[in-house]
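What follows is a short report on a single structure.
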Amino acid sequence: MSRTQVNAPGTLGDDRAARARRIGRRRETRAALLFISPWIIGFFVFTAWPIIYSAYLSLTDYDVINDPNYVGFENYEELFRDPDVGLALWNTFFFTVIQVPIYVIVSLALALLLDKAGRASGFFRTAFFLPKMTPPVAVGILLLLLFNGQSGLINEALGWFGIDGPAWTTDPDWVKPGLILMSLWSVGASVIILLAALRNVPQELYDSARVDGANWWQQTRKITVPMISGALFFIFIVNTIAGFQTFTEAYTAYFGSGNTTYSNDAALFYVIYLFRQAFEFLNMGYASALAWLLFVIIMIFTAIQIKVSRRFVYYEGEQR
Amino acid sequence: MTTQTRLDSEAAAPEPAAARKAARRRRKITPVKALIWAALILSTLIFIYPFIWLISASFKPRGEVFDNKLIPETFTFDNYLNVWQEAPMALWLWNTVLVTVLAAVTVTVSSAMVAWGFAYFRFRGRNLLFGVVLATMMLPGAVTMIPQFLIWNSLGMVDTLTPLWAQNLFGSAFYIFLLRQFFLGLPRDLFDAAKIDGANNWTIFMRIAMPLCKPALIITLLFEFQAIWTDLMRPLIYLRDSDNFTVPRGLKALLDQYGFGGEWHWEIVVTASVITTVPMIILFFLGQRHFVQGIATTGSKG
């Protein structure tokens, strides 16, 4: 069948060649759609329909057992009255705004260190990356153990320097700092991304900078950071999006049936609140409205970041 | 320490004179270099010590779990025996293996098919359609989470393992993107030649494209394996009966039962944490090269 396509041009009349090409194109389209069909089906069933249905649910009261009850924009009005939404938003913003810059700086510092480790860099890279393999549930448990106010390792280590460590896991003021510090344990993947970017910076740039007498700090600021700004921005944006959706570590440590004794308001992040509304209190309509608010917030932040990045980020070749 | 010896032995191997001289110059210890190494070793300690702490604690009796000693004062293997009795640990591990393998294999095959569809064929609306694939990556999971639950609920599949993997039959945007990039890098002549030889589309895909794409397929398998093994949210949503739990879901249940809010049997929680984590560590060492490569390309392609 492909043979017609190959022989057609030139040997046959223009009319028939065009027809053959048209048939060939139609065959190609059909074959392509066959290969893509799993995604198309999945898209309609598990993405497109859920988007529409979620928008509809957000205008209803729905508890799974009884039919959805249309209530108009009541759920959205409730979002602004519900003090827990304000609390969850505040916790989430606080966490993201503080965690992301620290995360990026720590990743960069570790990547720069690794870059100088020479042949041993493979060993250190493994060491830095292993925490990323740890299931987030286990990370949440480690948080409770290591940051324990009385007997945790962190406070014991602080004690060696004469510092009386805070009650990280029970004092509401210290719950989020503890979560942020624990999250830094998983920087490994970002370090690998930045290291790969560092290795792509042309050596000549440093050679000529050194000739001009630039010191290490100047080279890092004026060459390294601009040259890897694409990777830095990628990490920044991915972590911001992930930060807004923080769930597992905080939920493991501060929520669930076993943690009723905690005052866990300080760890009530947005997706945790959404999850509880949907699957613990079965307020599916209200939770859908919460989801759409999250969607809007993430879109706004991503748009701002992309806009700002245009001014700072350098892409080699600028093809994209 | 081990790296130091490796460095030495490699430097001792016969090399051209110039290289040896350069190596000697490099090995001269300067204050800056000492500082870098101190920082490297200190950060390694920070990253690795929680593992050591956890493993050490898992060999301590109940009263000593919190003593922060590197070597257990009373060494006991009891926790590893008890944890199987306190919880259906073996069943949880089996459930997790089942879900993880099914999820990883199905997502790899389906994503590769879709990626090939976008990479090889030319058809009208292709770029638009691929734009939709990329756009779905931007959608927060929270938006589709509730209706997806309702779909599985209406199929009577809640509290079965099916919802944890079956959506992978339809490909996943991120892997489709990753694999498409890889397919686009293959020389097109190869497939045209096969086509002239009479190979059909399926043969070209299965016999030529897939084998050439092996590194990217392995990356997809490993990434998904890790993602599903470590996931807590979906098991929280879909699993009710503890016999159906995956290990992370089971670990959360153990924490609730034996943690601060419960009976304070932390030795059980700690030991179960080790059991949950170790398979991922093994997975990393088995596929280290692919993990590192996969993550590095993720950064450069994004």
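The values are calculated or read from the model by the stated rules, or taken from the named source; none is laboratory data. This structure is a prediction, so every number in the text was calculated from the model and none was measured. FYI the Cβ positions are ideal-geometry reconstructions off the backbone, even for glycines, and counts take in every protein chain you see.
A few comments on the model shown:
- Residue in the stretch B:271-293 that is without any contact (Cβ under 8 Å) to a residue 40 or more places away in the chain and small (Gly, Ala, Ser) present: no
- Qualifying residues in the stretch B:273-302 (those that are among the small types (Gly, Ala, Ser) and within 7 Å of chain A (Cβ to nearest Cβ)) - the one surrounded by the fewest Cβ atoms within 10 Å (Cβ to Cβ): B:300
- Residue check for residue A:226: in a helix (DSSP H, G or I) and away from chain B (no Cβ under 11 Å): yes
Residues are listed down the side, and each one gets a yes or a no for (1) more than 9 Å from chain A (Cβ to nearest Cβ); (2) buried (at least 19 other Cβ atoms within 10 Å of the Cβ):
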| site | (1), (2) |
| --- | --- |
| B:201 | no, yes |
| B:208 | yes, no |
| B:211 | yes, no |
| B:219 | yes, yes |
| B:225 | yes, yes |
| B:248 | no, yes |
| B:251 | no, yes |
| B:266 | no, yes |
| B:271 | yes, yes |
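- Selection status of residue A:53, touching a residue at least 60 places away in the same chain (Cβ under 8 Å), assigned to a helix (DSSP H, G or I), surrounded by 15 or more Cβ atoms within 10 Å (Cβ to Cβ) and not aliphatic (A, V, I, L, M): no
- Residue match in the stretch A:282-296 (condition: outside any helix (DSSP H, G or I), farther than 15 Å from residue A:51 by Cα and more than 16 Å from the chain's Cα centre (by Cα)): yes
Yes/no matrix, rows are residues, columns are (1) loosely packed, with under 15 Cβ neighbours inside 10 Å; (2) under 18 Å from the mean Cα position of the chain (by Cα); (3) in the same structural domain as residue A:83 (by TED's automatic domain parsing):
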residue	(1), (2), (3)
A:191	no, yes, yes
A:201	no, no, yes
A:219	no, no, yes
A:265	yes, no, yes
A:272	no, yes, yes
A:279	no, no, yes
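- So residue B:171, is it over 25 Å from residue A:274 (Cα atoms) and in contact (Cβ under 8 Å) with a residue 40 or more places away in the chain: yes
- Contact annotation: residue pairs with Cβ atoms under 7 Å, 6 or more positions apart or on different chains, pairing a residue in the stretch A:283-297 that is more than 9 Å from chain B (Cβ to nearest Cβ) and farther than 10 Å from residue B:143 by Cβ with a partner that is charged (D, E, K, R) and in a helix (DSSP H, G or I), are A:286/A:78.
- Selection of first residues in the stretch B:62-74 that are not assigned by TED's automatic domain parsing to the domain that holds residue B:267 and of second residues that are in a loop (DSSP other than H, G, I, E, B) and of a type in the set (Lys, Arg), restricted to Cβ pairs under 6 Å at least 6 apart or on distinct chains, gives the following pairs, ordered by first then second residue: B:72/B:60.
- Selection over the stretch A:130-143 of residues that are touching a residue at least 60 places away in the same chain (Cβ under 8 Å) and either surrounded by fewer than 19 Cβ atoms within 10 Å (Cβ to Cβ) or more than 7 Å from every other protein chain (Cβ to nearest Cβ) (or both) gives a count of 3.
- The set of residues from the stretch B:198-247 being free of Cβ contacts under 8 Å to residues at least 12 places away in the same chain and assigned to a loop (DSSP other than H, G, I, E, B) comprises B:198, B:199, B:200.
- Restricting the stretch B:136-163 to residues that are outside any loop (DSSP other than H, G, I, E, B) and of a type in the set (Ser, Thr, Tyr), the residue that is surrounded by the most Cβ atoms within 10 Å (Cβ to Cβ): B:144
- Just one residue in the set A:242, A:266, A:253 is facing another protein chain (nearest Cβ under 10 Å), assigned to a helix (DSSP H, G or I) and not hydroxyl-bearing (Ser, Thr, Tyr); that residue is A:253.
- Against the list (1) more than 30 Å from residue B:200 (Cβ to Cβ); (2) at pLDDT 95 or above; (3) within 14 Å of another protein chain (Cβ to nearest Cβ); (4) within 29 Å of the chain's Cα centre (by Cα), the condition residue A:60 fails is (4).
- Helices (runs of 4 or more DSSP H) wholly inside the stretch A:147-213 that include at least 1 residues being away from chain B (no Cβ under 14 Å) and in contact (Cβ under 8 Å) with a residue 24 or more places away in the chain: A:172-184
- The residues in the stretch B:259-292 that are at pLDDT below 90 and either out of contact with any His (no Cβ under 9 Å at 6 or more places or on another chain) or assigned to a helix (DSSP H, G or I) (or both) can be counted, and the count is 5.
- The stretch B:89-131: number of residues that are within 7 Å of chain A (Cβ to nearest Cβ) and of a type in the set (Val, Ile, Thr): 1
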